[in-house]
Each structure stands twice: as structure tokens, then as C-alpha cells.
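All remarks here apply to the structure that follows.
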Amino acid sequence: MERPLTKNIRDGMEPLHIKDYEKAGGYQAVHKALKTMAPKEIVDLVSAANLRGRGGAGFPTGQKWATVPTDDDGPRPKYLVVDADEMEPGAFKDRILMEGDPHQLIEGLVLGAYAIQADLAIIFLRHEYTKVAKTLTWAIAEAYEQGYLGSNIAGSGFSLQLHLHISAGRYICGEGTAMLNSMQGGRAVPRHRLPHPTIAGLWGKPTNINNAETLCNVPHIVNNGADWFKGLSRCKDGGTKIYGVSGKVKRPGAWELPMGTPIREILEEHAGGMREGVNFRAVIPGGASTEFLAEEHLDVPMDYDSVPKVGSRMGTGTMIVLDDQTCPVGMVHNLEHFFARESCGWCTPCREGLPWAERILKDIEEGRGQPEHLRRLEKLGKDLWLGRTFCPLAPGAVEPLRSALVLFREDFERHIREKRCPWR
Amino acid sequence: MLSEEIKREIESYIREHCPTPRGASIEALMVLQRHRGWLSDESIRELAAYLEMSPDELDGVATFYNHLFRKPVGRHVIWICDSVSCWIMGYEGLLEHMQGRLGINPGETTPDGRFTLLPIQCLGACHHAPALMIDDDLHEDLTPQKFDEILERYE
């Protein structure tokens, strides 16, 4: 099985410097694309490959690129922003790619920038990824030195500057428009989504935002073609995916597997199944902001279309396993604590609603639960749902809560009835 | 007064990255914090004038982000991950041990000024939970004993 994204990554070893990356076939896609392909050909190729954004939403990448204005007298400069602000609890996939093979991301972003004819690319990196920051700093310097960044890249006439922006840390920065406000030196509060950032983004200029893993796929698509990329997958979305598992499994970790690999296969074959003494109870498939799935859903393929059919989302593809020795109410309380703390406070439902949900869950967990609390939580799950808040943070926050109230109903009721947490 | 060195660092960032001085506010706050350890009211006022912002506006930025400190911190900041994977893998027991060992609660600094303990959201080390950071260093697969050993490395 081919693993294009991780083939150069060796656990515990120094990431590839540029000479070794080139020896392994790196930057061939830049030479090929910038010299022989028109920008629109790359957009069409990425569309034909069915590459969908790996940040969580799964929007078709080529379709997004096609919305950036390309006319010669259009607004300048144009920006490409790489979202490397991986702060979703449970997610650790972009870090592995950037720490292990930094030039793969740089090559991908050069191609993405060429496709939309961007002048400046910015990697928006989360503060805590200090090792990634060091790695990217030398890799960027190497890429400038070898002429893959700067003026007239590989003699093609295309020029691109690349900056590394290290965030001061806040989950909401991962929301694209909030990220733009942060890069403009403000609080990371979301903007109205019209006009779309690809039309008016950073400093009011066209800005395309792509997740780091998404861009890492692009060199391989350019080198090997759309059919090859689609052939990597077990579903109609193209490519492989970095799936991860954390929780009480035997071998927590991350693996590059065909898109559409079933959850059960990831949990049992790759993560080694549950540890001794604990049993599987449920899983959040794609990071903290996705709905719980139970045993009967384990054969669902992990891809952007299949997971929603059973009531959850593929999200980041990094799953968190709940076992039968861990309190589900406690887990949901932990999740809502996170989201309440990280709400930017811009819109009232999120600012007020998430701390309210958190307080109720704390009360239930600590033995102060009341029967009417469950109705209140259900109502909050509706009041903070899609279309009722300014951005997707709160709807994402209530996804695990809404599903937990159905899946773990008896556990919630038992807490309230016994006035204590049965797991403590 | 902002020192010449601080001004030079901020100025070069503005020149390379921002169409307007205010665009550099986060980086400028980080620069100031690196030099002064934390961001006092006075620091905010000085920097706001330099960036052509009102002090309140800059304070709004300085209080928004996790890694900008509006209160003094210790020589080392311990960031303990309290997110879901670390919670499942026993973060609460570890935190309890840390509080006992350091004699402080999250948000506080040891009386000798050596450590400040702060919670942080997911560190992206979920497969090696529980995890924490001390300054720029990530420590994974922690146990109370391992934590005690690590602590000795920080003066």
C-alpha cells in the first residue's frame, strides 16, 4: 500500500533536509508544474483528483481554489494561508507531517500558491508546536536558498514569499475568518462570511486558506496524476488520510491509510484494540467537535460522506475512544469545559450558553444533578445549533453533548438518581 | 520607554509583514514579553502609542491570547494539558500530584518564583497522554514520578 504523505517520515529520526528531500523525488512537482502547467491546469487537476480539505470540513480543494479571482488586473497582493493551528482536542496529525517532512508542506504550498497566483504565503502555526517552528524555520531558509521560494522560482517567472506566523494561542484561530483577524493584529473573532475570504480576506485582499495536511497531498497529485490519487482511496474521495487514535487502546498513534478505511479496522488492526481490563464503549471519530458513535457504527468507512450517514462527522480523522471504565458524563464535561473556555465571546449564545452547559454537567458529575437538567442540556443543544450562532464553534461544541444525551441517557439518569458519579 | 532593541525588533517585523503598525500587535506583544517577562499596564500603554492604537484596544488583544501574560509569571511556565485524551489517561491524578509537589493551584506561581502552573488546551500529543509543556519543551507519557524527575531539570 502506498503512503505518499509519510513515506519520508521515520519515527524518532531527524526530518529530511532539502538535499535528501530532493533525492527522494522532492520538488519535482514544482519543476513540472511551474514550467509546464498553467495555474488553471493545477486547479483542474486537484479538482479531478477529488482532494477534499483535511482540516475537518472536507470542502473540495480545487473548487475552493477556483473561487480566487485570477484576472491579471485583479486585486493584489493575493495570499495563501496555511492553517497549521491544530488545536482540536484529539488531533495531532498536522504536527506529525510538519515535524517529519517539512519540505513536503513547503512544496505543497508553493504549488497551491502558483495555482491561485498568490504573492505571499503565511503558515499560521499554533504556539505550542515549538519543535515544528524550529523545523520549519530551517526548512524555509533552505527552500529560499535553493530557489524554491523568493523571486523567479525554479526559473519559471513565478515569485512567492513565505512567512511563518506563530500564534499567541486560541482555539478560535482555527476558524478561517478569525484567523485572518488574528493575523491583522486583533482579537481572533470571526467575520461575516460574505464576501468569502477568497474574494476579500487578509487585509481585504483575496486569500485562500488551506489546512496543512491538504497541501501536503498536492505535490503527489501533480507528480502522479488524478487517477493515481483516486486509486489510493477506498471511496470516491481521493487519496490517503492520516488517521489517529487516542484513549485506552493498546497502541495509540497515527497512521496513513486509504481514505475510507473503516473505523473498526483503524481501532483494531492499527491501534491494537482496547487495553487489558477495559472494553470499548464509544468513539468520537474526528476530534472533540464530533458526535459519539457506538459499537454498531464501527464498520462505517472513515470518509466525509459515510460518517455523516450514521450521524457524526469525519472531522480531522483523529478519534478519541471512550472505554467502559471512564465516565461518559465526565468526558462530556471535559469537552464542554474546553469549548466554554475557548469561546471567543463574540456572540451571546456561545459566550453564555457553553459555560451554562458546562456548569450543569459539573453539577451532574458532582452529585448535584436535577431531573430537569437533562431537558435544559437538550435545549442548549438546540439553541447553540447551526444557524443560531455567529460561527461553527458552538454547534461543534454541542455535537458530542447532543449525541451523549441519547447514547448515554441511562448514565446521566443514574448520576442524577444516585446523586454521585458511579465511576468515582 | 521602549528600548532601541525592542523598537528595532518590532520595526523589522512591521516592515516585512504588515501594511500597518497595528497589524504587528501580537508579535510586538510577544517581543515585549520576551524582554520584560510579562505585560504590565505601563508596557501596554507604551506599546499602544508605538503601534498607533488605543491602550484599551491593545489590552483587548493582550488579554485574549493564552500565551500573553498580563500578570507576572515564574521563571518557568508549566502548561498542563487538560483536554479530553489527557483527561481519559489520568490527567486529574497527575494534576493533583503536581499541586501537592509545587504547593500551588493552576494560575498561581510558587513563592520562590520558580514555576507558574497553567492549564492549556490540547497539546497535540494525544497518543502520548498525559502530556505537559515546560516553557518550550513537551513532555509526554507522564506519571507523577516522571514529573518529579523532569522538574529537577528546571532551576
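The values are calculated or read from the model by the stated rules, or taken from the named source; none is laboratory data. The structure presented is a predicted model; accordingly, all values stated were derived computationally and were not measured. Positions of Cβ are backbone-derived with ideal geometry, glycine not excepted, and every protein chain shown enters the neighbour counts. The area values use the complete protein model at the heavy-atom level, side chains included, leaving out ligands, DNA and RNA. Shrake-Rupley method; radii C 1.70, N 1.55, O 1.52, S 1.80 Å.
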In chain A the DSSP beta bridges are antiparallel at a rate, in percent to nearest 5, of 45
The local net charge around B:Arg75, scoring Lys/Arg +1 and Asp/Glu -1 for residues other than B:Arg75 whose Cβ lies under 11 Å from its Cβ, equals -2
Longest principal axis of chain A (C-alpha) makes with the long axis of helix A:409-418 (C-alpha) an angle, in degrees to the nearest 10, of 40
dims of region B:34-78, Cα set, principal axes, largest to smallest, nearest Å -> 33, 19, 13
Using a 1.4 Å probe on heavy atoms of the protein chains only, the accessible area for B:Thr110 in Å², nearest 10, reads 10
Taking N as the residue count of chain B, its alpha carbon Rg divided by 2.2 N^0.38 Å gives 1.19
Expected integer from the mean partner chain Cβ neighbour count at 10 Å over B:26-32 is 3
Of the convex hull drawn through the C-alpha atoms of region B:1-60, the volume per residue in Å³ is 69
Pseudo-spin-label distance A:Lys309 to A:Trp423, built 7 Å along Cα→Cβ, given in nm, is 3.1
Across A:Leu149, A:Leu51, A:Leu401, the residue with the highest GNM fluctuation in chain A (Cα network, 10 Å cutoff) is A:Leu149
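Suppose R0 equals 60 Å; then what is the FRET efficiency for A:Asp73 and A:Lys250 from their Cβ-Cβ distance, rounded to the nearest 0.05? Please list the in-between numbers first.
Details: r = 59 Å, r/R0 = 0.99.
The value I calculate is 0.50.
With a 1.4 Å probe, how much accessible area is buried between chains B and A, both sides summed, in Å² to the nearest hundred? It would help to have the intermediate numbers written out before the result.
Working: alone 8710 and 17300 Å², together 22410 Å².
Heavy-atom accessible area buried at this interface is about 3600 Å².
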Each residue of B:113-125 has, on average, a number of other protein chain C-beta atoms within 10 Å of its C-beta equal to 5
Expressed as a whole number, the average count of other chain Cβ atoms within 10 Å around the Cβ atoms of A:247-260 is 2
From the Cα centre of region A:289-346 to that of region B:34-112, the distance in Å is 29
Heavy-atom accessible area of B:Val73, protein chains in place, probe 1.4 angstrom, given in Å² to nearest 10, is 40
Projected onto the charge dipole of chain A (unit charges on the beta-carbon of Lys, Arg, Asp and Glu, signs +1, +1, -1, -1), the Cα from A:Leu298, A:Ile221, A:Ile209 with the largest positive-side position is that of A:Ile209
A:Ser151 and B:Asn105 label points (each 7 Å along its Cα→Cβ direction) are spaced in nm at 6.0
For chain A, longest principal axis from Cα atoms; helix A:212-224 axis from its Cα atoms; angle between them, nearest 10 degrees, is 40
Among beta bridges assigned by DSSP with both residues in region B:35-132, the antiparallel ones amount in percent, to the nearest 5, to 25
The simple spin-label model distance between A:Leu194 and A:Glu276, using points 7 Å out along Cα→Cβ, in nm, is 6.1
Expected unfolding gain across B:Glu155-B:Arg36 under the 0.36 nm per residue rule, minus the alpha-carbon gap, is 40.9 nm
Longest principal axis of chain A (C-alpha) makes with the long axis of helix A:39-48 (C-alpha) an angle, in degrees to the nearest 10, of 40
P(r) over all Cα-Cα pairs of region A:293-352, 10 Å bins from 0 to the longest distance, whole percent per bin, short to long, reads 18, 35, 36, 11
Compactness summary of region A:332-424: radius of gyration and Dmax from Cα atoms, Å, are 12.8, 38
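With +1 on each Lys and Arg Cβ and -1 on each Asp and Glu Cβ, and nothing else charged, work out how big the dipole of chain A is about its Cα centre, in Debye to the nearest 20.
Numbers: 52 positive and 54 negative charges, 149 e Å.
With Lys and Arg at +1 and Asp and Glu at -1, about 720 debye.
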In vacuo Debye sum over C-alpha of region A:21-180, base-10 log of normalised intensity I(q)/I(0) at q = 0.10, 0.14, 0.15, 0.18 Å⁻¹, listed in q order, is -0.36, -0.73, -0.84, -1.24
Measure of exposure for A:His192: accessible area at 1.4 Å probe, Å² rounded to 10, is 120
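Can you give me the Rg/Rh ratio for region A:1-95, using Cα atoms for both radii and the Kirkwood formula for Rh? Mind showing how you got there, number by number?
Numbers: Rg = 16.4 Å, Rh = 16.4 Å.
With Rh from the inverse mean 1/r over Cα pairs, Rg/Rh is 1.00.
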note: region A:126-283, Cα-Cα separations exceeding 21 Å make up a percent value of 66
Descending accessible area (1.4 Å probe), largest on the left, turns B:Ile14, A:Ile284, A:Ile96 into A:Ile96, B:Ile14, A:Ile284
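For chain A, what Kirkwood radius comes out of the mean inverse Cα-Cα distance, in Å? Write down the numbers at each step before the final one.
Details: mean 1/r = 0.0449 Å⁻¹.
About 22.3 Å, per the Kirkwood formula over Cα pairs.
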